[in-house]
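The structure appears below as structure tokens.
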Amino acid sequence: MSGARLWNLIAELTYRCPLRCPYCSNPKEWASIRDGLDADAWARVFREAAALGAVHVGLTGGEPSARRDLDAIVRSAAEAGLYTHLVTAGVPLTPDGLATLRDAGLRSVQLSIQDATAAASDRIAGTESFERKLSIARAARELGLALTLNVVLHRENLANVGALIEVARTLDADRLELANAQYDGWALANRDALLPSREQLEAASAVVAEERFRALRPELVWVLPDYFSGRPKPCMGGWGRRLVVVAPDGLVLPCHAARDLPGLAFWNARERSLAECWNDAPGMNAYRDEAWMREPCRSCVKRSEDFGGCRCQAFRLTGDATNTDPACALAPQRASLLDARARAAPTAWIARGVGAQEGN
Amino acid sequence: MTDAPLAPADFEARLRAIGTERYHDKHPFNLRMHAGTLSREEIQTWVRNRYYYQTRIPVKDSAILAKSGDAAFRREWVQRLHDHDGRAPGEGGLEMWLRLAETVGLERADVESLAGVLPGVRRACDAYVALVESSDLLGSVAASLTELFAGDIMTTRIAAFEKHYAWVDPEGLAYFRSRTKQAPRDASFGLAFVLEHARTRPDQDRCLAALERKCEILWSLLDAVEAAHRRPVLSPHVVLRDDAERPGQQIAVLPERGVRVNESGQEILALCDGGRSSEAIARVLHDRHPEVPHLLIDVHEFLEQMTRLGVLVLR
Ligand code: SF4
Ligand code: SF4
């Protein structure tokens, strides 16, 4: 069943991060997952990914710039022939540090902001960081790097979509991802506080439509969240199909959230080649293609477009990863998702915990 | 529960306000045409593409005609078919447009073949016919009301051509001259019809929406013509590389996506040097491969798609 062509490597370099976003997609127990690959090991992973067909690497985390050897990592990714893309929260990165990364072969930056103003953004991030993020955005522009801004949207900041678009225009970003929170990891724990109302989403949708009409730049990416659209997201372009995640400890996964699905054995890039981990790990093959599907997915015409949705969401909300993703309007087990929608209300959230971990 | 209908004078004012805001006389391409700054090639592209619109007018007028059960309406409306198609070969608005095409240096047969019609122009014109076909009589007449604004644009256009494009033989402007008379006549009939028949607020709103949609369609036609003369070049953020898995194929890699480019695509991208317009690129390839059918359309579609995906940027 193996042999799918890999396109894209997601390299989670570390789970350490100075920010404390309440929707962080890292595992809840992130602090116990150590940085297991040194720069040489990452260089090997990059070469192996390129040999499997990959053309692109996203260097992410946690916060990749929390690694002191990031420039060596960027250089080896570029040398492996991968288009090298940095996903960063902007701290502890500095403009000079970004220049070094550009010289090492970095081509593009995706910078997260948490809201449209310093006060609001810093409050969600749990750290004073907004002004430093802006300085990274300006540096990216000056250095000729492609610049995407990313904002995770939820109840607290959805009303500011217009202001966020203005920030992106002022910074001359190429692209603005208005990414509705995915309710997994920390976001699932904070779902009552974060999940927006349909009215909020409709208002934001209208603002995006109007702004798209007003100007071509930046490209605005806006997708109605799966909790409300009735359509599941084609998670990761299909399990083990185009994209591979290598976690900080070296675990090779089909998706950043697949680590805690029960009963699945994934392999580690520290112990085996990436090709083995990608092609042959039992966990990687568990939901490849369609044989695992149940009804209604098994006979549904949409199955080659959305692959039955997100396995992790199916597991978290129904207890069985082979069920249809409850985000789908056709799913038999939608109750808990609909309940969550009804229950959402302004409440306090828990910030992503700050655990101690040694740097490398 | 619906709102009360607008008084006829207010309704008419609302219809006219749509023209003031959205009619294509305000489109940048049209402003440049009237300011005299279009190149000969741009004028030619406009004339060649606008011909497709001209061919759609009698088609949509026939559709409107077929919606009416009233002989008096049909007697009036059929006049438009005569205006465009003429009473005999060699007469009428379409013929006049072909003469204009010849005067601006195009081959008549080439224009008539519609081979060089841009995909965006085709979409816009087809959308107009579809709008008329799917509307009732009232809605389709309302969509025609852009004629209210057409008389003025023609007068300005004739003056602009005489002043700025002296290379165009004044004989060729006969179409514009004919429309300065026909458009106001047609419009006053259409307007009277709409004012009389749109009696409820929902009907009035429908008419306003149809007229807005028509303005958008005309606007997007000029968008497409204008874009054909922008000069595409590879985005600085793109890496174009060979695909090790598929010999001969390339991949354009961007921050957020990879795009497969086959050998034909590579030949097109190689011409995107930021100096040639899309139209010029399409012509070069057409001359290079005269045997390939629909090549002009395919090249424009490819360039549009690559621009949308961020592989190309327009200068
Ligand atoms: S979501 Fe926030 S806390 Fe989590 S890694 Fe990203 S910036 Fe850090
Ligand atoms: S039933 Fe399954 S395959 Fe069909 S739309 Fe829903 S999730 Fe997708």
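Of the numbered conditions (1) more than 14 Å from every other protein chain (Cβ to nearest Cβ); (2) on the phi < 0 side of the Ramachandran plot, A:Gly230 fails exactly one; give the number of that condition.
Exception for A:Gly230: condition (2).
Within region B:295-308, is even one residue open to solvent by 10 Å² or more (accessible area, probe 1.4 Å) and within 11 Å of another protein chain (Cβ to nearest Cβ)?
Yes.
Can you pull out every residue in region A:141-159 that is open to solvent by less than 10 Å² (accessible area, probe 1.4 Å) and assigned to a loop (DSSP other than H, G, I, E, B)?
Result: A:Leu145, A:His154, A:Asn157.
Of the residues A:Val244, A:Val252, A:Val223, only one is within 14 Å of chain B (Cβ to nearest Cβ) and more than 12 Å from ligand 2 (Cβ to nearest atom); which? If you could, list the steps in order and put the result at the bottom.
On the way: A:Val244 fails: within 14 Å of chain B (Cβ to nearest Cβ); A:Val252 fails: within 14 Å of chain B (Cβ to nearest Cβ).
Result of the check over A:Val244, A:Val252, A:Val223: A:Val223.
Which of the residues spanning region A:8-31 are among the hydrophobic types (A, V, I, L, M, F, W, C) and either open to solvent by 40 Å² or more (accessible area, probe 1.4 Å) or at pLDDT 95 or above (or both)? Walk me through how you get there before you give the answer.
Step one: filter region A:8-31 for residues among the hydrophobic types (A, V, I, L, M, F, W, C), giving A:9-11, A:13, A:17, A:19, A:21, A:24, A:30-31.
Of everything in region A:8-31, those that are among the hydrophobic types (A, V, I, L, M, F, W, C) and either open to solvent by 40 Å² or more (accessible area, probe 1.4 Å) or at pLDDT 95 or above (or both) turn out to be A:Leu9, A:Ile10, A:Ala11, A:Leu13.
If we scan region A:118-133, do we find a residue that is within 21 Å of the chain's Cα centre (by Cα), within 14 Å of another protein chain (Cβ to nearest Cβ), at pLDDT 95 or above and surrounded by 20 or more Cβ atoms within 10 Å (Cβ to Cβ)?
Checked against the condition, which is being within 21 Å of the chain's Cα centre (by Cα), within 14 Å of another protein chain (Cβ to nearest Cβ), at pLDDT 95 or above and surrounded by 20 or more Cβ atoms within 10 Å (Cβ to Cβ), region A:118-133 yields no hits at all.
Filter the helices (runs of 4 or more DSSP H) completely within region A:166-265 down to those with at least 3 residues that are in contact with a strand residue (DSSP E or B) (Cβ under 9 Å, 6 or more places away or on another chain) and open to solvent by less than 60 Å² (accessible area, probe 1.4 Å).
Filter on region A:166-265 gives A:198-214, A:226-229.
Taking region B:190-202, which residues are surrounded by fewer than 18 Cβ atoms within 10 Å (Cβ to Cβ) and not basic (Lys, Arg)?
Answer for region B:190-202, where residues must be surrounded by fewer than 18 Cβ atoms within 10 Å (Cβ to Cβ) and not basic (Lys, Arg): B:Ala192, B:Leu195, B:Glu196, B:His197, B:Thr200, B:Pro202.
Quick check: anything in region A:43-55 away from ligand 2 (no atom under 16 Å from the Cβ) and over 23 Å from A:Asp280 (Cβ atoms)?
No: zero hits.
When you scan region A:269-360 for helices (runs of 4 or more DSSP H) that lie fully inside it, which ones turn up with 3 or more residues that are more than 29 Å from A:His154 (Cβ to Cβ)? Talk me through it step by step, then tell me what you get.
On the way: elements: A:274-280, A:282-286, A:303-306, A:311-318, A:335-343.
Fully inside region A:269-360 and qualifying: A:274-280, A:282-286.
Could you list all residues from region A:311-332 that are more than 9 Å from ligand 2 (Cβ to nearest atom) and either under 23 Å from A:Ser197 (Cβ atoms) or within 14 Å of chain B (Cβ to nearest Cβ) (or both)?
Within region A:311-332, A:Gln313, A:Arg316, A:Leu317, A:Pro326 meet the criteria.
Going residue by residue through region B:168-182, is there one that turns out to be touching a helix residue (DSSP H, G or I) at 6+ places or on another chain (Cβ under 9 Å), in a helix (DSSP H, G or I), modelled with pLDDT of 95 or more and open to solvent by 10 Å² or more (accessible area, probe 1.4 Å)?
no
Among the listed residues B:Glu102, B:Glu162, B:Glu112, B:Glu133, identify the single one that is under 30 Å from B:Thr307 (Cβ atoms), in a helix (DSSP H, G or I) and of a type in the set (Asp, Glu).
Answer to the check: B:Glu112.
Condition first: surrounded by 16 or more Cβ atoms within 10 Å (Cβ to Cβ) and either more than 10 Å from ligand 2 (Cβ to nearest atom) or among the basic types (Lys, Arg) (or both). Now tell me which residues in region A:292-302 satisfy that. If you could, list the steps in order and put the result at the bottom.
Going residue by residue through region A:292-302, those that are surrounded by 16 or more Cβ atoms within 10 Å (Cβ to Cβ) are A:292-293, A:297, A:300, A:302.
The answer is A:Trp292, A:Lys302.
Listed here are the residues, each with its yes/no results for (1) touching a Phe, Trp or Tyr at 6+ places or on another chain (Cβ under 7 Å); (2) modelled with pLDDT of 95 or more; (3) aliphatic (A, V, I, L, M).
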position: B:Ile251; (1), (2), (3): no, yes, yes
position: B:Gly265; (1), (2), (3): yes, yes, no
position: B:Leu271; (1), (2), (3): no, yes, yes
position: B:Arg315; (1), (2), (3): no, no, no
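Take the conditions more than 14 Å from chain B (Cβ to nearest Cβ), part of a loop (DSSP other than H, G, I, E, B) and of a type in the set (Lys, Arg) and apply them to A:Arg20. Does it pass?
For A:Arg20, the condition - more than 14 Å from chain B (Cβ to nearest Cβ), part of a loop (DSSP other than H, G, I, E, B) and of a type in the set (Lys, Arg) - is met.
Among the helices (runs of 4 or more DSSP H) contained in region B:199-300, which hold 1 or more residues that are touching a residue at least 60 places away in the same chain (Cβ under 8 Å)? It would help to see each step written out before you state the result.
Numbers: elements: B:201-227, B:263-270, B:278-288.
Passing ranges, in order: B:201-227, B:278-288.
Any residue that is surrounded by fewer than 20 Cβ atoms within 10 Å (Cβ to Cβ), within 14 Å of chain B (Cβ to nearest Cβ) and touching a residue at least 12 places away in the same chain (Cβ under 8 Å) - is there at least one of those in region A:32-48?
Among the residues of region A:32-48, at least one is surrounded by fewer than 20 Cβ atoms within 10 Å (Cβ to Cβ), within 14 Å of chain B (Cβ to nearest Cβ) and touching a residue at least 12 places away in the same chain (Cβ under 8 Å), which makes the answer yes.
The values are calculated or read from the model by the stated rules, or taken from the named source; none is laboratory data. All of these numbers come straight from a predicted model, not from anything done at the bench. Don't worry about glycine lacking a Cβ; one is built from the backbone with ideal geometry, like all the others, and counts go over all protein chains shown. Just so you know, the surface numbers come from the protein's heavy atoms only, side chains and all, with ligands and any DNA or RNA stripped out. Shrake-Rupley method; radii C 1.70, N 1.55, O 1.52, S 1.80 Å.
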